[in-house]
Amino acid sequence: MFFFFFSLNFKNLSSSHGLKQVLLLDLELLQSICFRDIIAAAVLSGNRNFEGRVHPLTRANYLASPPLVVAYALAGTVDIDFEKEPIGTGKSGKSIYFKDIWPSNDEIAQGVQSSVLPDMFKSTYEAITKGNLMWNQLSVPASTLYSWDPNSTYIHEPPYFKNMTVEPPGPHGVKDAYCLLNFGDSITTDHISPAGSIQKDSPAAKFLLERGVDKKDFNSYGSRRGNDEVMARGTFANIRIVSKLLKGEVGPKTIHVPTGEKLYVYDAAMRYKAAGQDTIVLAGAEYGSGSSRDWAAKGQMLLGVKAVITKSFERIHRSNLVGMGIIPLCFKPGEDADSLGLTGHERYSIDLPNKISEIRPGQDVTVTTVTGKSFTCTVRFDTEVELAYFDHGGILPFVIRNLNKE
């Protein structure tokens, strides 16, 4: 649980009225304000401050302790210097400053001592293995294997082991792949696989509506992470992503290069897959920064992405891409898609040996385009273990094949 508030700079209002305006702000008003290029801000005490974390249209999100969230809510704005400016005005007309309401260490200790009691933990943990009435009344099949419900929109059997062979398929290069997306710097895992609300006109929304799910029951991507059909449609569905293929237009769409059509990213990816065409992603620095969200890698694999070429990766996301059989490549220092004259409208080939023993961690590989461009990248398989994962098509088939040998 975390606390949050929106700020739309109600600084000219009294503190109580400003707080009321902030807390009663409805989402339609927020939308109308945001689309007029006024940036809505949020202050939250959670552990993530992705753009749109509190609401898809809050672009500025700041992390703070719960008491600070309350202080900002009382002020009604994030544009305040707590040391010099009053938070509001008291009943007597006196200006109230941050220092006047911030508790002392002794007051905090007294609050903890009187409120956080041993019995709270004892009563919970005494019954932790007993469950509760609703949990205990759930019907459990006798089978040792999970019984997949084909009609469930929350849990669906994923295709990770579909058509899996006994022997590993070996490494693969990329031949004449299209660019699915061309990004700049700092694409986060929340841009790649958002955990928030499912937009009403998105591919995921269409999927749910077709299965009889009402809009009010869409829930969030985070709550439906057990369904690969929803999560694949949610990959690159963040409404704040910006692809250079759309010349800076904001939103979860891209250009289907062969036809020039503007499509939702999922729809474009499925069209490429249906035609048997591989795809890659171009990006700038810090690709995959933020939360180490596994769906950010799994989703790209399900969309048919075979390689990601960036200036740099966030450490865990690079590892997760390898785990899903996706080739991570880095431009050479001082180079990027723009400096090399790459627009994303080209077709790309990545020359990799067809024997895993001929690939070394961190070796250079050549990337060519059908337009005649050629450049060198560093392949970011950083360890021999990661090469083994790639040889098997990812960490999941690697684990299954090794279990099968035992």
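May I ask you to verify whether residue 194 is modelled with pLDDT under 95, in a loop (DSSP other than H, G, I, E, B), more than 30 Å from the chain's Cα centre (by Cα) and not basic (Lys, Arg)?
Numbers: modelled with pLDDT under 95: yes; in a loop (DSSP other than H, G, I, E, B): yes; more than 30 Å from the chain's Cα centre (by Cα): no; not basic (Lys, Arg): yes.
It is false that residue 194 is modelled with pLDDT under 95, in a loop (DSSP other than H, G, I, E, B), more than 30 Å from the chain's Cα centre (by Cα) and not basic (Lys, Arg).
Pull up the range 257-267, narrow it to residues that are out of contact with any Pro (no Cβ under 9 Å at 6 or more places or on another chain) and among the β-branched types (Val, Ile, Thr), then point me to the one that is surrounded by the fewest Cβ atoms within 10 Å (Cβ to Cβ). Show your work before the answer.
Of the range 257-267, the ones out of contact with any Pro (no Cβ under 9 Å at 6 or more places or on another chain) are 257-263.
From the residues that got through so far, the ones that are among the β-branched types (Val, Ile, Thr) too are 257, 259.
Values: 257: 20, 259: 10.
For the range 257-267, the residue satisfying everything is 259.
Could you tell me how many of the residues in the range 160-191 are more than 23 Å from the chain's Cα centre (by Cα), in a loop (DSSP other than H, G, I, E, B) and of a type outside the set (Gly, Ala, Ser)?
11
Between residues in the range 169-191 that are under 20 Å from residue 335 (Cα atoms) and free of Cβ contacts under 8 Å to residues at least 24 places away in the same chain and residues that are in a loop (DSSP other than H, G, I, E, B) and aromatic (Phe, Trp, Tyr), which pairs lie under 9 Å by C-beta distance while being six or more apart or on different chains?
Here the result reads none, with nothing in the range 169-191 linked to a residue that is in a loop (DSSP other than H, G, I, E, B) and aromatic (Phe, Trp, Tyr).
Counting only residues that are closer than 23 Å to residue 149 by Cβ and open to solvent by 10 Å² or more (accessible area, probe 1.4 Å), how many does the range 197-206 have?
Total satisfying the criteria: 3.
Being touching a Phe, Trp or Tyr at 6+ places or on another chain (Cβ under 6 Å) and among the charged types (D, E, K, R) is true for just one of 273, 253, 262. Which residue is that?
On the way: 273 fails: touching a Phe, Trp or Tyr at 6+ places or on another chain (Cβ under 6 Å); 262 fails: touching a Phe, Trp or Tyr at 6+ places or on another chain (Cβ under 6 Å).
Of the residues listed, the single one that is touching a Phe, Trp or Tyr at 6+ places or on another chain (Cβ under 6 Å) and among the charged types (D, E, K, R) is 253.
Counting only residues that are open to solvent by less than 30 Å² (accessible area, probe 1.4 Å), in a loop (DSSP other than H, G, I, E, B) and not hydroxyl-bearing (Ser, Thr, Tyr), how many does the range 209-256 have? Outline the logic, then answer.
First, the residues of the range 209-256 that are open to solvent by less than 30 Å² (accessible area, probe 1.4 Å): 213, 218, 220-222, 224, 227-228, 230-232, 234-238, 241, 243, 245-246, 251-252, 254-256.
So of that shortlist, the ones also in a loop (DSSP other than H, G, I, E, B) come out as 213, 218, 221-222, 224, 227, 235-238, 241, 243, 251-252.
With not hydroxyl-bearing (Ser, Thr, Tyr) added as a condition, the list becomes 213, 218, 222, 224, 227, 236-238, 241, 251-252.
Total satisfying the criteria: 11.
Might you check whether a residue that is part of a helix (DSSP H, G or I), of a type in the set (A, V, I, L, M) and open to solvent by 100 Å² or more (accessible area, probe 1.4 Å) occurs anywhere in the range 122-135?
Checked the range 122-135: at least one residue is part of a helix (DSSP H, G or I), of a type in the set (A, V, I, L, M) and open to solvent by 100 Å² or more (accessible area, probe 1.4 Å).
Could you list, in sequence order, the residues of the range 290-324 that are in contact with a Lys or Arg (Cβ under 7 Å, 6 or more places away or on another chain) and modelled with pLDDT of 95 or more?
Selection gives 295, 304, 313, 318, 324.
Give me the residue from the range 49-70 that is part of a loop (DSSP other than H, G, I, E, B) and modelled with pLDDT of 80 or more and, out of that set, farthest from residue 290 (Cα to Cα).
From the range 49-70, those part of a loop (DSSP other than H, G, I, E, B) are 49-57, 64-65; that's our starting set.
Now drop any that are not modelled with pLDDT of 80 or more, which leaves 64-65.
Working: 64: 17, 65: 19 Å.
Taking the candidates together, the pick is 65.
Mind counting the residues in the range 319-332 that are open to solvent by less than 30 Å² (accessible area, probe 1.4 Å), more than 17 Å from residue 364 (Cα to Cα) and assigned to a helix (DSSP H, G or I)? Give the steps one after another, and end with the answer.
We begin by selecting, within the range 319-332, every residue open to solvent by less than 30 Å² (accessible area, probe 1.4 Å); these are 321-331.
Adding the requirement that they be more than 17 Å from residue 364 (Cα to Cα) leaves 321, 323-325.
Going one step further and asking which of them are assigned to a helix (DSSP H, G or I), we end up with 321, 323.
Number satisfying all stated conditions: 2.
So which of 141, 150, 159 is surrounded by 11 or more Cβ atoms within 10 Å (Cβ to Cβ) and of a type outside the set (Phe, Trp, Tyr)? Full working, then the answer.
Working: 141 fails: surrounded by 11 or more Cβ atoms within 10 Å (Cβ to Cβ); 150 fails: surrounded by 11 or more Cβ atoms within 10 Å (Cβ to Cβ).
Answer to the check: 159.
For residue 301, state whether it is touching a residue at least 40 places away in the same chain (Cβ under 8 Å), at negative phi and of a type in the set (A, V, I, L, M, F, W, C).
yes
The values are calculated or read from the model by the stated rules, or taken from the named source; none is laboratory data. Note that the coordinates shown come from a computational prediction; the quantities given were computed from them, not determined experimentally. All Cβ positions, glycine included, derive from the backbone under ideal geometry; neighbour counts span all protein chains shown. Calculation scope for accessible area: heavy atoms of the full protein, side chains included, ligands and nucleic acids excluded. Shrake-Rupley method; radii C 1.70, N 1.55, O 1.52, S 1.80 Å.
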